[in-house]
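A.B. asks: Handing you this structure, nothing more for now.
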Amino acid sequence: MKTIVFTGGGSAGHVTPNIALMNKLQQLGWEVCYIGSATGIEKDIIEREGVPYYPISSGKLRRYFDLKNFIDPFRVIKGVYESYRLLRRLKPAIVFSKGGFVSAPVVLGSRMNKIPVIIHESDMTPGLANKMSIPFATKVCVTFPESMQHVQYQKAILTGLPIREGILNGKASKGYHLCDFHSQKPVILIMGGSLGSQVINQAVRDILDRLLAQFQIVHICGNGNVSQYLSGKRGYKQFEYISDELPDVMAMSELVISRAGATSIYEFLLLEKPMLLIPLSLQASRGDQILNAKSFQKAGYADVLPEEELTSESLAERVETLYAKREAYKEAMSSRDETNAVETIVKLIETYS
C-alpha cells in the first residue's frame, strides 16, 4: 500500500480540493496523511474526514510590514525541520501540496528527503507559498489556461480544479427544510469567503427588504457576524459557516453572490449557478480574486461587481439584472468543455509516485 502526504491550509479553498483527491485515492487503496498547521482551518476540516493529521510550526507569508515578520522565519525553519522528520517517518511515495503558507515547509522537507512533489495552483497566478515551492516541484497543476504562462513550461499541466463529489449530491428539499424556506420563491446564496465579509454583509442587510420582496436569502456571513436583530426575519436565514449541509443549500439556490476564490466559483460553475462575484480588492489581497472573476466574466459564467463600486444600490441592481439574464449564464456554463480534474491528477500522482 502506497502512502501519500497532503498539505495546504490557511483557507478552506486550500483544503477542500485536497479532500476530493483524498477520497479517490483512498478508494484506490492509498494510505493518506495530512500535514498542516496547529491552529489553521485545515485542522478541523481534515480531522472531520478521519485522516491522520500532523501539525507543524508555520509562519505567515505577509506582503506588508508586521513585527511578526521578524519572528515567523524562525517558525518556518522549525516547520521545515519538523516536516523533514515527519516525512522520514511516514515514508510517502509522493507529496501533494495545495498551497497556503503551511505548505512551503512541507515541500522543502520533501525535497530534503528526495520525495517527489506535485503542486496545485487554484488561482490565475501562483500565490507566494507556491512561488517559493514551484522550483522544488516535479509537476505543477493549474486551474486556469491563463496560468500556464506563470509556471515553468516543462512543469505545468492544465488539470482544472478538483471538486468534491458530494457537492453534486445536494438535495434542494433538504436545503429548504434547513432554512425553513419554500420552493415558490427563488433563493439567493450569499457567501463572503470562509472568514466572511463585513462589506458584503452590510450591503446585503441595507437592502434586505428590497431583496426579500423577490427572493429568499441564505447568508453565510462568517464567524461572529450573525445579526441577532435579523435572526427571526422571514425568508432570511443566517449561518456563520456551513459544512455538511452546503451541497443542499447550493442545490436549492438559483443565484450566488460570492467572493471569487477559485474553489468556490468552480463549484458554482459545476452546478451551473449564475454568479455575482465581488472579488477582494487589491488593498486586501494580491489581486488573484480579481483575475479569477475577470476570467469567469469573459467566459460568460458570472457578472463582476468590484468592491470599490459596491453600494447597496449597485448590489440591488446587479442582482436583479443577474436574475433576469440567468438563462444566458446557465447556457454558457452548460456549453463549456468539461474535464475531470480528480481523474487527471490521480493519474499524475500514480505516474510520479
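The values are calculated or read from the model by the stated rules, or taken from the named source; none is laboratory data. Predicted model, so just to flag it, every value in this text is computed and none were measured. Cβ: placed from backbone, ideal geometry, glycine included. Neighbour counts: every protein chain shown. All accessible areas refer to the heavy atoms of the entire protein, side chains included, with ligands and DNA or RNA removed. Shrake-Rupley method; radii C 1.70, N 1.55, O 1.52, S 1.80 Å.
A.B. asks: Of the residues that sit in region 325-353 and are without any contact (Cβ under 8 Å) to a residue 40 or more places away in the chain and of a type in the set (A, V, I, L, M), which one is farthest from Arg210 (Cα to Cα)?
C.D. replies: It comes out as Ala332.
A.B. asks: Next question, about the same structure. Just one of the numbered conditions (1) under 30 Å from Thr7 (Cα atoms); (2) touching a residue at least 40 places away in the same chain (Cβ under 8 Å); (3) surrounded by fewer than 18 Cβ atoms within 10 Å (Cβ to Cβ) is not true of Tyr153; which one?
C.D. replies: Result: Tyr153 passes all but (2).
A.B. asks: Can you tell me which of Leu276, Leu270, Leu348, Leu315 is closer than 30 Å to Gln27 by Cβ, aliphatic (A, V, I, L, M) and touching a Leu at 6+ places or on another chain (Cβ under 9 Å)? Spell out how you get there, then give the answer.
C.D. replies: Details: Leu276 fails: closer than 30 Å to Gln27 by Cβ; Leu348 fails: touching a Leu at 6+ places or on another chain (Cβ under 9 Å); Leu315 fails: closer than 30 Å to Gln27 by Cβ.
The unique qualifying residue is Leu270.
A.B. asks: So, restricting to strands (runs of 3 or more DSSP E) that lie completely within region 70-145, which ones have at least 1 residues that are open to solvent by 10 Å² or more (accessible area, probe 1.4 Å)?
C.D. replies: Numbers: elements: 94-97, 117-121, 139-142.
Here the list reads 117-121, 139-142.
A.B. asks: Just the residues that are in a helix (DSSP H, G or I) and either farther than 26 Å from Phe268 by Cα or open to solvent by 10 Å² or more (accessible area, probe 1.4 Å) (or both), please, taken from region 21-39.
C.D. replies: At the first step, the residues of region 21-39 found to be in a helix (DSSP H, G or I) are 21-27.
Residues satisfying the conditions are Asn23, Lys24, Gln26, Gln27.
A.B. asks: Report every pair of residues separated by at least 6 positions or lying on different chains whose Cβ atoms are under 8 Å apart, first residue within region 298-324 and closer than 28 Å to Glu146 by Cα, second in a helix (DSSP H, G or I) and of a type in the set (Lys, Arg).
C.D. replies: Asp303/Arg318; Val304/Lys294; Leu305/Arg318
A.B. asks: OK, next. Does Pro162 meet the test of being free of Cβ contacts under 8 Å to residues at least 60 places away in the same chain, part of a loop (DSSP other than H, G, I, E, B) and open to solvent by less than 40 Å² (accessible area, probe 1.4 Å)?
C.D. replies: Values: free of Cβ contacts under 8 Å to residues at least 60 places away in the same chain: no; part of a loop (DSSP other than H, G, I, E, B): yes; open to solvent by less than 40 Å² (accessible area, probe 1.4 Å): yes.
No; evaluated as a whole, the condition is false for this residue.
A.B. asks: Return a yes/no flag: does region 108-119 have any residue that is within 20 Å of Ala12 (Cα to Cα) and at pLDDT 95 or above.
C.D. replies: Let us first name the residues in region 108-119 that are within 20 Å of Ala12 (Cα to Cα), namely 118-119.
Still in the list and also at pLDDT 95 or above: 118-119.
Looking through region 108-119, at least one residue is within 20 Å of Ala12 (Cα to Cα) and at pLDDT 95 or above.
A.B. asks: Determine which single condition Val204 fails, assuming it passes every other condition in (1) of a type in the set (A, V, I, L, M, F, W, C); (2) out of contact with any strand residue (DSSP E or B) (no Cβ under 7 Å at 6 or more places or on another chain); (3) closer than 21 Å to Leu280 by Cβ.
C.D. replies: Result: Val204 fails condition (2) only.
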